[in-house]
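Colleague: Take this structure first; my questions come after.
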Amino acid sequence: METFLILNGMEIKANVDEQEKLMFNLAKGKTSLGALTSWLNEHITRV
C-alpha cells in the first residue's frame, strides 16, 4: 500500500510503530475496513 501511495505522489504521515499496529490489528480482524479508510484519510498527504 505504501509503495502504491508513493508512486501516486502521496505518503503516510505516521510513525512506523503506529502503522504496524494498524496493519496487525487489521490482519487480526480488530480493525474494520471503514476504520482503515478513516485512518488513511487522516494520515495521507501529497508530496
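Every read-out reported here was derived from the displayed coordinates using simple, explicitly stated rules and does not represent laboratory data. Being a predicted model, the structure only gives us computed values, none of them experimental. Don't worry about glycine lacking a Cβ; one is built from the backbone with ideal geometry, like all the others, and counts go over all protein chains shown.
Colleague: Per residue of the chain, what 222 nm ellipticity follows from adding -39500 (n - 2.57) for every DSSP H run with n ≥ 4, rounded to the nearest 500?
Modeller: Working: 3 runs with 29 residues, N = 47.
Dividing the helical sum by the residues of the chain leaves -18000 deg cm²/dmol.
Colleague: Just need the relative contact order of the chain here, percent rounded to a whole number, with Cα pairs under 8 Å and 6+ apart. Numbers along the way, then the final one.
Modeller: Numbers: 27 pairs, mean separation 25.1, N = 47.
Over the chain, the number comes to 53 percent.
Colleague: Right, something else. Taking loop as defined by DSSP and a crowding limit of 14 other beta carbons within 10 Å, which trypsin sites (Lys or Arg not before Pro) in the chain fit? Show your work: numbers first, answer last.
Modeller: On the way: sites: Lys13, Lys21, Lys28, Lys30, Arg46; in loops: Lys13, Lys28, Lys30.
Hits after loop and neighbour filter: Lys13, Lys28, Lys30.
Colleague: Mind running the shape call on region 5-46? Use the C-alpha gyration tensor, a ≥ b ≥ c as the square roots of the eigenvalues: rounded below 1.5 for a/c, prolate if a/b tops b/c, oblate otherwise. Don't skip to the end; give the middle numbers.
Modeller: Values: a/c = 2.27, a/b = 1.68, b/c = 1.35.
The shape class here is prolate.
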